[in-house]
Amino acid sequence: MHIVVVAPEIAPNTGNIARICAATRTSLHLIEPLGFQLDDKTLKRAGMDYWQQVQWKRWQDWQSFAASIGPDARLWLVESDGPQSYNEVSFGADDYLVFGRETAGLPKPLLQEYSKRWIRIPMMNLEARSLNLSNCVAIVLYEALRQNGFSGDTHLSNCSNHNQPLTGL
């Protein structure tokens, strides 16, 4: 699975996304321009010591990224007003989940180019403008991982007492 963030602006959000990617062994692609320096203290603090556990790449622009992934790659663009909800699609294990900048989202030409793969996270309050970027990544990524059987989950394989009742509560 791959997370792609186009022109992220807020270092703590990107740090949180890196932490999610580390925990799930998901590749992270950051597409410039970035609204912060990669040595930003808040970026490091949000990602804690997980950055060295993340397989990530910085791309100069969308064209450079797109040229690297091949014609058969499946991209899902996550943006409000998408024609279908993220839970209505079938994700593959090597899919790319694409998110936009915090203040402006994804560019309209990109949404038009990938209109058949434009998905949204449902929101029930019309007055709520948006959800936090790192929360959006977590929501959609974990649904994609669920659909693919949480391949690589270490908890159950390392826990010999997972069927035992909890005691001492």
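Descriptive notes on the structure:
- Among the residues of the range 108-138, those that are out of contact with any strand residue (DSSP E or B) (no Cβ under 7 Å at 6 or more places or on another chain), in contact (Cβ under 8 Å) with a residue 12 or more places away in the chain and surrounded by fewer than 16 Cβ atoms within 10 Å (Cβ to Cβ) comprise Ser115, Met123, Ser130, Asn132.
- Within the range 50-87, considering residues that are touching a strand residue (DSSP E or B) at 6+ places or on another chain (Cβ under 8 Å) and among the acidic types (Asp, Glu), the one surrounded by the most Cβ atoms within 10 Å (Cβ to Cβ): Glu79
- Unique residue being among the polar types (S, T, N, Q) and either within 13 Å of the chain's Cα centre (by Cα) or under 15 Å from Thr26 (Cα atoms) (or both) when the list is Asn135, Asn125, Asn87: Asn135
- Contact annotation: residue pairs with Cβ atoms under 7 Å, 6 or more positions apart or on different chains, pairing a residue in the range 59-86 that is under 19 Å from Leu34 (Cβ atoms) with a partner that is among the acidic types (Asp, Glu), are Trp59/Glu32; Gln60/Glu32; Asp61/Glu32.
- Checking each residue in the range 118-142 for being in contact with a helix residue (DSSP H, G or I) (Cβ under 6 Å, 6 or more places away or on another chain), under 17 Å from Arg74 (Cα atoms) and assigned to a helix (DSSP H, G or I) picks out Val137, Val140.
- Of the strands (runs of 3 or more DSSP E) lying entirely inside the range 11-117, those carrying at least 1 residues that are over 13 Å from Val137 (Cα atoms) and modelled with pLDDT of 95 or more are 27-31, 56-59, 75-78.
The values are calculated or read from the model by the stated rules, or taken from the named source; none is laboratory data. This is a predicted model, so every value here is computed, not measured. Cβ: placed from backbone, ideal geometry, glycine included. Neighbour counts: every protein chain shown.
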